[in-house]
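Inspection log for the structure reproduced underneath, given as structure tokens.
The values are calculated or read from the model by the stated rules, or taken from the named source; none is laboratory data. As the structure is a prediction and not an experimental result, all values here were calculated from the model. As a convention, Cβ positions derive from the backbone with ideal geometry for all residues, glycine included, and neighbour counts pool all protein chains shown. Please note that ligands, DNA and RNA were not included when accessible areas were found on the heavy atoms of the full protein model with its side chains. Shrake-Rupley method; radii C 1.70, N 1.55, O 1.52, S 1.80 Å.
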Amino acid sequence: MGFVNFFYTLLYPLEWLISWIMWLWHWFFVHVLQMPDGSSFAWCLAIIFLTFTVRAAITPLFTRQMRSMNRMQAIQPEMQKIQKKYKGKTDAASREAMSRETMKLYKKYNVSPTSSCLPSLVQAPVFMALYNVLYKLSAIATGKEGEIGAFTKPIAKEIENTVFINVKLSDLFNQTEGAGKWTIGIFVALMCLTMWFQQFYNMRVNMPESAKQGQQWKMQQSMTYIFPIMYIFSGIIAPFGVLLYWLTNNLWTVGQTIWQINTFPTAGSKAAERKEKRDHDREEARRQKEGLPSLEEEALAKAQQDKLDREKNGFQRQQPVRKKSRRRR
């Protein structure tokens, strides 16, 4: 417990910042959008827009993550060749050679295996800080715990009594009954579903067919189902406000993943084929609108011109002319 308390002491500045971000968003909804003061919906929106604030801040990291994942998927065929080359070899020299060739491959394609973890590493402290803040609301409201940033005793009491449908933001699964448990259960199920879909969509649409084999592919398939299941255990012990943050974060991730894959697909994947067709159709539509020849007509005209040029030049390749070099005087 001493280590846990020390860890959350380190997170206090982040908890302080989270409290003020939530308070500012609540102030905006109440005073600018004219929602009723103390509105339950305003505090729920404050948590949702806290999520948007965090995700907007780490968008560059997410973009870097997606590009790194795309490159990792693109080099899987070469990675499998290295693994096949050293399969069954357990001596130190072979392991060192395999590691050296793997690192050389990463360097060649500018791939960093750790970059895909950066958004999660940044979000983990935010999640834990929000968890601790919402978990302490009751104690702050009753004066058993000290105030945290903008969360004074009256505000803590107001947030604690905020109800979303039929659940308080500070409620845990084992503290609710009947319909409240169903609401939390539905949120946990949606969290699992959104995380599964994000991984499934990326693997099925944004991976080359050549990468869908081998031990690593099987492991990725397993993780697609294992990670979402872990949400079930996490969702039971988290305050409902954290679940609201978590689900919003997952929905943002799904939308951002779909956009990223459609915009920057991995070469050789289904997404890349679809993007190529979309770009082709868009260019054809532009040419038709401007009265220009289609891509096929342009290619045919170029082929005919090349044929005429070859016939005119007697099918002989024109030799390059070397420039005369100046002699130094």
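A few remarks follow.
- Residues residue 303 and residue 276, FRET efficiency given R0 of 22 Å [Cβ-Cβ distance, rounded to 0.05]: 0.60
- You can think of it this way: the chain between residue 53 and residue 200 has 50.3 nm of extra reach, that is 0.36 nm per residue less the Cα-Cα gap.
- Relative contact order (%) - the range 24-111, alpha-carbon pairs under 8 angstrom, separation at least six: 21
- 13 Å beta-carbon shell around residue 213, net charge (K/R +1, D/E -1): +3
- The range 151-194 and the range 122-142: distance between their alpha carbon centers, rounded to Å: 14
- Prolate/oblate/rounded label for the range 244-296 (Cα gyration tensor, a/c 1.5): oblate
- Put a dot 7 Å past the Cα of residue 223, heading toward its Cβ, do the same for residue 175, and the two dots end up 3.4 nm apart.
- Relative contact order for the range 120-199: 18 percent, from Cα pairs under 8 Å spaced at least 6 residues apart, divided by residue count.
- Most to least accessible of 157, 168, 81 (protein chains only, probe 1.4 Å): 81, 157, 168
- Whichever lysines have a C-alpha closer than 29 Å to that of residue 289, once near sequence neighbours (fewer than 8 apart) are set aside: 270, 275, 277, 302
- Prolate/oblate/rounded call for the range 192-258, Cα gyration tensor, a/c under 1.5 rounded: oblate
- Helix runs (DSSP H) in the chain reaching 18 Å along axis by Cα, Kyte-Doolittle at least 0.5: 40-57, 118-135, 179-205
- Ranked from largest to smallest solvent-accessible area, with a 1.4 Å probe on the protein heavy atoms, 310, 55, 204 come out as 310, 204, 55.
- Spin-label pair residue 78-residue 20: with each label point 7 Å from Cα along the Cα-Cβ axis, the two points sit 4.7 nm from one another.
- Relative pair counts by distance (%), Cα atoms of the chain, 10 Å bins: 5, 18, 22, 18, 16, 11, 5, 4, 2, 0
- Contact order normalised by residue count of the chain, Cα under 8 Å, 6+ apart, percent: 21
- Shape category assigned to the range 52-105 from the gyration tensor of Cα positions, a/c cut at 1.5: prolate
- Residue 226 contributes an accessible area of around 80 Å² to the protein surface, as traced by a 1.4 Å probe with all chains present.
- The slack in the chain from residue 232 to residue 142, taken as 0.36 nm per residue of separation less the alpha-carbon distance, amounts to 29.4 nm.
- Nearby aspartates and glutamates by direct alpha-carbon distance to residue 218 (threshold 14 angstrom, same-chain neighbours under 8 apart not counted): 209
- Under 17 Å from the Cα of residue 85 - aspartates and glutamates, other chains or at least 8 residues apart: 96, 101
- Ranking by accessible area, most exposed first, for 287, 95, 67 with a 1.4 Å probe: 95, 67, 287
- The chain - mean residue ellipticity at 222 nm from DSSP helices (-39,500 (n - 2.57) per run, n ≥ 4, rounded to 500): -23500 deg cm²/dmol
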